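The values are calculated or read from the model by the stated rules, or taken from the named source; none is laboratory data. Because the structure is predicted, anything quoted here is derived from the model rather than measured. Ideal geometry is used to build each Cβ from the backbone, glycine not excepted, and the neighbour counts take in all protein chains shown. Each accessible area value is taken on the protein alone, full model and side chains, heavy atoms only, with ligands, DNA and RNA left out. Shrake-Rupley method; radii C 1.70, N 1.55, O 1.52, S 1.80 Å.
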Amino acid sequence: MVYHLHITNKNYSSWSLRPWVLMRALSIPFTEHLHELHELVPGSYAQPQWSAFSPVAHVPCLHDVPASPPSSIPSHQSPPETLILWDSLAIIEHLSEHHPTLPIYPPISSPVARAWARSATAEMHSSFSALRSEMGMNIGLRIALSGGPAREPSAALTADLARINALWREGITRFGGPFLAGAEFGAVDAFYAPVALRVQTYVGAEDVLCEEARAYVRRVVKVPAVREWVEAALAETARDRLHDEDSIAGRRVIADLRAVA
């Protein structure tokens, strides 16, 4: 199998980060295809030009291309098709099936940790809508979460942060750390890595986290694969107006660490 991972701008795309950072952290080889983000249409993250590689015109999208050359396939057999996975959780599950010896999830011999990690990963995939809308991904900015001229965290965002705090504390204390489901960086950590980066971006978000959760943020941002992603994000000069407006509106910008556009 040969993997081709389609992503978009690293400063903004939390969904692209998740499979990318897991594959990089676990040394799963892949070819990166970075597609520039054109200005978004409000209410949609689809980009029509991405339909060339994704059935839903979204990223991330993983192409699992058969490694065997056609000449090696017997004439009576159909050549294997390229497998296309257009959802971040589907990508992670596919990788888990095809790389069972890697710590994508805790091993079958640790069923409690494995079930917890799977559930927490799926919860991130399906929940936390207030966090996504009020603390949008914007790696290169430092923004005051509260105290701005016209914007304070909503009750829904406060509830999302409280749930994340409880979840992280449970995983670390229950399974011994240093990562959420045990000793090794896995899918659950890749899925919450964008949250750790949002805590860095939105100054003051850390204040609602317990010490275990704060330490986890510091640990995740030091993972080499995460650092590599962040460095590339800060080097980008592309800007998306809607992303930036959503992040900044009604708030005080403390610093802009991005390369000059």
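The share of accessible area on the stretch 196-261 that comes from carbon and sulfur is 54 percent, using a 1.4 angstrom probe.
Put simply, the Cα atoms of the chain extend 70, 44, 28 Å along their principal axes, the longest span coming first.
Averaged per residue, the chain has 46 square angstrom of accessible surface, using a 1.4 angstrom probe with ligands and nucleic acids left out. Dipole check for the chain: with +1 at the C-beta of Lys and Arg, -1 at the C-beta of Asp and Glu, and the Cα centre as origin, the magnitude is about 540 Debye.
With 0.36 nm allotted per residue and the present C-alpha distance subtracted, the Glu228-Ala162 stretch has 20.9 nm of extension available. For Lys222, the solvent-accessible surface computed with a 1.4 Å probe is close to 140 Å², ligands and nucleic acids excluded. Element breakdown for the stretch 111-195 at a 1.4 angstrom probe: carbon and sulfur atoms account for 56% of the accessible area.
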